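J.: Before anything else, here's the structure in question.
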Amino acid sequence: MNAPFWDPPPERYPGRLPEKADVMVIGGGIAGVSLLSHLERRRIDAVLVERSHLASGASGRNAGFLLAGVAANYAQAVRTYGRDKAREVWELTNENHDRMIEAARGQEIGYRRLGSVTMPLDDEERQQLVESAELLQEDGFQARWDGAGLVNPRDGEVDPSALVAALARQARPGAIREGVNVVDLESRRSGVLVTAGESQCEAGVVVLATNAYTPQLVPSVKIVANRAQMMATAPQSKRIAEMPTYSHFGYHYWRQLASGEVLIGGWRDTSMNTELTYDAEPTTEIQDRLDGAAAELGATGQVTHRWAGIMGFTESGLPMAGPVDGMPNVYICAGFTGHGMGFAFMTAKGVAEQI
Ligand SMILES: Cc1cc2nc3c(=O)[nH]c(=O)nc-3n(C[C@H](O)[C@H](O)[C@H](O)COP(=O)(O)OP(=O)(O)OC[C@H]3O[C@@H](n4cnc5c(N)ncnc54)[C@H](O)[C@@H]3O)c2cc1C
């Protein structure tokens, strides 16, 4: 069994590499379609190429949590980045949530704003979450400690594949081209020569929205592939989670849809080395852990889906956004470290502005 729970976008955009493009976006996940949306709003002529189909990467395989911040809790983030930077990151991700949902304008994307809760696994995490609630409140955010977990009432959830499809639907005809696998980039002073199969394109600017896969095209980019796995059960009437739930420093997560299906993901922490891979296959080792978690949570429905996706991690835990060193006219919008749904729309806006 290896199929994501989310249906792929229903539209297909078969296409070829154009001979010329002002801006070429490579990658058709949430980052790529967000870039296209921001570039088109600025009346910049852009083409997006995707080697498979839209949302075939992590964007169609994730849990669909729209969370404020990074995987680390606020107290940890303040220690890592400093208070101002942590506040800036939480503000950016809150804005990402609002603007991205606004951009999908009334299309069916499974959006609900139920909030989220982070449940501590042990005393250390509990202490950090209590501290996070205090720091967040001091910094003007709506979070609270409710005695059992850190609640963020602004957070939400989506069907991530439907969201990618909704943003893509707004692109101008011909702007999205699926089935184009870029194999080489030659950065020049006046532009970038892009190669896919036998075809070549002279692009003014290229943006890498290839997340985990970026080093396959540009080996100097320091993004590390990390596999994450999930499972989903058939609907059940018994509620096991009132809102998207996060735990164990972000390694464990689960949610229950309005229609009753339970989605559980993570447990990468139990086998970190095997998950450093580009192989998007679920494994027995992690899936057994997810089954165990399902039983503990009271998710009794039959398992209907098991799947995996590849995330792109940066050293800092923050996305890379801007020009690529040593490659004139090549930009990057990638490295979302497991939080692309929370970051990509606003990160793409920043990159579009730089272009
Ligand atoms: C199981 C799982 C659960 C997750 N849960 C969450 C969550 O709840 N909330 C959250 O915010 N984030 C979550 N994430 C992370 C999130 O999915 C990613 O951060 C986000 O989808 C990254 O989007 P992207 O567009 O940058 O990359 P991707 O969606 O991976 O898209 C990159 C695209 O580039 C294409 N591509 C690559 N190389 C080439 C090439 N040479 N030529 C043409 N096309 C190419 C690929 O085919 C792919 O479609 C999760 C990830 C996984 C795997």
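The values are calculated or read from the model by the stated rules, or taken from the named source; none is laboratory data. Keep in mind the model is a prediction, meaning the values are calculated, not measured. Glycine also receives a Cβ, built like all others from the backbone with ideal geometry; neighbour counts cover every protein chain displayed.
J.: Might you check whether a residue that is surrounded by fewer than 24 Cβ atoms within 10 Å (Cβ to Cβ) and part of a loop (DSSP other than H, G, I, E, B) occurs anywhere in segment 19-32?
T.: Within segment 19-32 (the criterion being surrounded by fewer than 24 Cβ atoms within 10 Å (Cβ to Cβ) and part of a loop (DSSP other than H, G, I, E, B)), the answer is yes, since at least one residue qualifies.
J.: Please work out which one of (1) outside any loop (DSSP other than H, G, I, E, B); (2) touching a helix residue (DSSP H, G or I) at 6+ places or on another chain (Cβ under 7 Å); (3) of a type in the set (Gly, Ala, Ser); (4) closer than 30 Å to residue 32 by Cα is the condition residue 110 fails and give its number.
T.: All conditions are met except number (1).
J.: Any idea how many residues of segment 134-164 are part of a loop (DSSP other than H, G, I, E, B) and within 16 Å of the ligand (Cβ to nearest atom)?
T.: Quick first cut of segment 134-164, residues part of a loop (DSSP other than H, G, I, E, B) only: 139-143, 146-149, 153-155, 158-159.
Applying the additional criterion that residues be within 16 Å of the ligand (Cβ to nearest atom) yields 154-155, 158-159.
Residues in segment 134-164 being part of a loop (DSSP other than H, G, I, E, B) and within 16 Å of the ligand (Cβ to nearest atom): 4 in total.
J.: Go through segment 195-239 and give me each residue that's polar (S, T, N, Q), more than 12 Å from the ligand (Cβ to nearest atom) and more than 30 Å from residue 293 (Cβ to Cβ). Step through it out loud before you land on a result.
T.: Residues of segment 195-239 polar (S, T, N, Q): 195, 199-200, 210-211, 214, 216, 220, 226, 229, 233, 236-237.
Checking which are more than 12 Å from the ligand (Cβ to nearest atom) leaves us with 199-200, 220, 233, 236-237.
199, 200, 220, listed by residue number.
J.: Here's a follow-up. Mind checking which pairs have a first residue in segment 41-54 that is in the same structural domain as residue 210 (by TED's automatic domain parsing) and a second that is in a loop (DSSP other than H, G, I, E, B) and surrounded by fewer than 16 Cβ atoms within 10 Å (Cβ to Cβ), Cβ under 6 Å, 6 or more apart or different chains?
T.: 51/181
J.: I'd like to verify a number: residues in segment 61-89 that are of a type outside the set (A, V, I, L, M, F, W, C) and either touching a strand residue (DSSP E or B) at 6+ places or on another chain (Cβ under 8 Å) or in the same structural domain as residue 343 (by TED's automatic domain parsing) (or both), how many? Reasoning before the result, please.
T.: Narrowing segment 61-89 to residues of a type outside the set (A, V, I, L, M, F, W, C): 61-62, 64, 69, 73-74, 76, 79-85, 87-88.
Now drop any that are not either touching a strand residue (DSSP E or B) at 6+ places or on another chain (Cβ under 8 Å) or in the same structural domain as residue 343 (by TED's automatic domain parsing) (or both), which leaves 61-62, 64, 73.
Selection size over segment 61-89: 4.
J.: Can you tell me how many residues within segment 57-88 are over 12 Å from the mean Cα position of the chain (by Cα) and either among the hydroxyl-bearing types (Ser, Thr, Tyr) or away from the ligand (no atom under 13 Å from the Cβ) (or both)?
T.: Looking only at that region, the number is 17.
J.: Would it be correct to say that residue 177 is within 16 Å of the ligand (Cβ to nearest atom) and either in contact with a His (Cβ under 9 Å, 6 or more places away or on another chain) or at pLDDT below 95 (or both)?
T.: no
J.: Does residue 264 satisfy the criteria of being closer than 17 Å to residue 59 by Cα, surrounded by fewer than 20 Cβ atoms within 10 Å (Cβ to Cβ), at pLDDT 95 or above and in contact with a helix residue (DSSP H, G or I) (Cβ under 6 Å, 6 or more places away or on another chain)?
T.: no
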